[in-house]
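Below is one structure, written out as structure tokens; the observations come after it.
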Amino acid sequence: MARHNEIGKRGEVLATELLLSKGYIIRETNWRCGKAEIDIVAEKDMRLVVVEVKTRTSDYVDPTEAIDRKKMMNLVRAAKAYLQFCEVDMEVQFDIVTVIIDEAGEHVEHIPDAFLPPLKSYR
């Protein structure tokens, strides 16, 4: 496995551990349906929580900057696919977990309810 894949997997493990410690129930990890992909699908407070994990090996660049409007729309489509595929009727919340792994150690930050689904623009 390539080093960046190993780092990404480690980040997802750390994110899962953090969410569990906060009382989240993990339903799925790395859920896929066609091109739709969700790093972690969880539940908390009667909500379905779609979690995007961003892992980096330095803090020079904010990992959340990688979550642009296009990525948000992909997560919204993936959440919709999950709801339909699993026949779930719950409100959806989008969280982000950032993981920095460097010489200083491992730093994990959870951003609950990080964004609302973007409105479609019609051009």
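The set of residues in segment 59-93 being in a helix (DSSP H, G or I) and closer than 30 Å to Gly105 by Cβ consists of Pro63, Thr64, Glu65, Ala66, Lys71, Met72, Leu75. The set of residues from segment 1-18 being of a type in the set (A, V, I, L, M, F, W, C) and under 11 Å from the mean Cα position of the chain (by Cα) comprises just one member, Ala15.
Restricted to segment 69-113, and to residues there that are among the acidic types (Asp, Glu) and surrounded by fewer than 18 Cβ atoms within 10 Å (Cβ to Cβ), the residue that is nearest to Arg10 (Cα to Cα) is Glu106. Of note, Gly23 does not satisfy the criterion of being more than 26 Å from Arg3 (Cβ to Cβ), free of Cβ contacts under 8 Å to residues at least 60 places away in the same chain and open to solvent by 60 Å² or more (accessible area, probe 1.4 Å).
Does segment 50-58 include one or more residues that are closer than 21 Å to Val108 by Cβ, open to solvent by 40 Å² or more (accessible area, probe 1.4 Å) and part of a strand (DSSP E or B)? Yes - at least one qualifying residue is present in segment 50-58.
The values are calculated or read from the model by the stated rules, or taken from the named source; none is laboratory data. All of these numbers come straight from a predicted model, not from anything done at the bench. Reconstructed Cβ throughout: ideal geometry from the backbone, glycine too, with neighbour counts over all protein chains shown. Only protein heavy atoms, including side chains, enter the accessible area calculation; ligands, DNA and RNA are left aside. Shrake-Rupley method; radii C 1.70, N 1.55, O 1.52, S 1.80 Å.
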